[in-house]
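**Student:** Got a structure for you, written out below as structure tokens; questions coming shortly.
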Amino acid sequence: MATYFVHEPPDATGNAMDRAERLVFVKDGFSWLAALVPVIWLLMKRMWLELIVFVGGSVTIVTLLSAAGAANTATGVLLIIQIVLGFEAGHLYSASLERRGWRLVGTVSGRSQEDCERRFFETWMPTRTEVPESVPAAPLTAHAAKPETPSWSSTAYGQAKSALTGNPFAKASG
């Protein structure tokens with residue numbers, strides 16, 4: 001099961017579709033690229049402060065331990081640091097985005113990134129009420145109103161209720 005943090009840029013304006021295009025999904029989990037080649041990963045994510053801390057800390061650790069005659073220990077410590085960076089990569093990137101003004105708009109879990117994106121947009125998009133500029137709003141008339149269909153949450157609630165009461169044939173109601 002994958003979990004993603006969803007961030008919105010600081011200058012998020014416009015309609016929901018334009019805003020949705022600019023969202024960033026950050027995976028919470030181990031990053032092989034961050035663990036194996038942390039400098040390249042930090043450069044790709046534009047995490048300048050973290051890059052300076054990583055390189056400065058690495059050089060300091062190697063210099064101090066090599067001067068003390070423990071070069072093998074320095075290699076082991078750097079390996080441990082890289083593994084920890086691999087596990088914390090998502091959180092570091094998320095914190096970096098928030099420091100740059102990006103807003104955390106949600107977290108979502110699913111089987112894959114596509115599943116997470118679908119789940120997020122199913123809940124996020126209906127809450128956006130902006131009407132695109134190119135589509136004029138049609139007036140509502142009494143005869144044009146369609147019957148109200150139950151939402152997925154009311155349907156799920158009805159199914160759970162019928163399962164708990166032991167009546168599998170009960171109709172789901174809102």
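**Student:** Might you report the magnitude of the Cβ-based charge dipole of region 13-121 about its Cα centre, with Lys and Arg at +1 and Asp and Glu at -1, to the nearest 20 debye? All intermediate terms of the calculation are to be shown ahead of the outcome.
**Tutor:** Details: 11 positive and 9 negative charges, 40 e Å.
Magnitude of the dipole: close to 200 debye.
**Student:** Another question about this same structure. What is the gain in length, in nm to one decimal, between ALA95 and ILE83 on full extension, counting 0.36 nm per residue of separation less the C-alpha to C-alpha distance? Before the final figure, lay out the partial values.
**Tutor:** Numbers: separation 12, 0.36 × 12 = 4.32 nm, distance 1.86 nm.
Gain on stretching ALA95 to ILE83: 2.5 nm.
**Student:** Give me the distance in nm between label points sitting 7 Å out from Cα along the Cα-to-Cβ direction at SER109 and ASP11, one decimal.
**Tutor:** The answer from the label model is 3.7 nm.
**Student:** Name the residue farthest towards the positive end of the dipole of region 2-131 from the options HIS91, GLY69, ALA35, assuming +1 on Cβ of Lys and Arg, -1 on Cβ of Asp and Glu, about the Cα centre.
**Tutor:** GLY69
**Student:** If I take every Cα pair under 8 Å that is 6 or more residues apart in region 2-131, average their sequence separation and divide by the length, what percent do I get for the relative contact order? Walk me through the numbers on the way to the answer.
**Tutor:** Numbers: 148 pairs, mean separation 55.2, N = 130.
Once normalised by length, the contact order is 42 percent.
**Student:** Enumerate the amide H contacts of SER31 below 5 Å, restricted to partners 5 or more residues apart or on another chain; note that Pro and chain-start residues carry no placed amide H.
**Tutor:** Excluding prolines and chain starts, which carry no amide H, the hits are PHE87, ALA89.
We did not get these values from a lab; they are worked out from the coordinates using the rules stated. Model, not experiment: these values are computed from the prediction. Cβ atoms come from the backbone with ideal geometry, glycine included; neighbour counts cover every protein chain shown.
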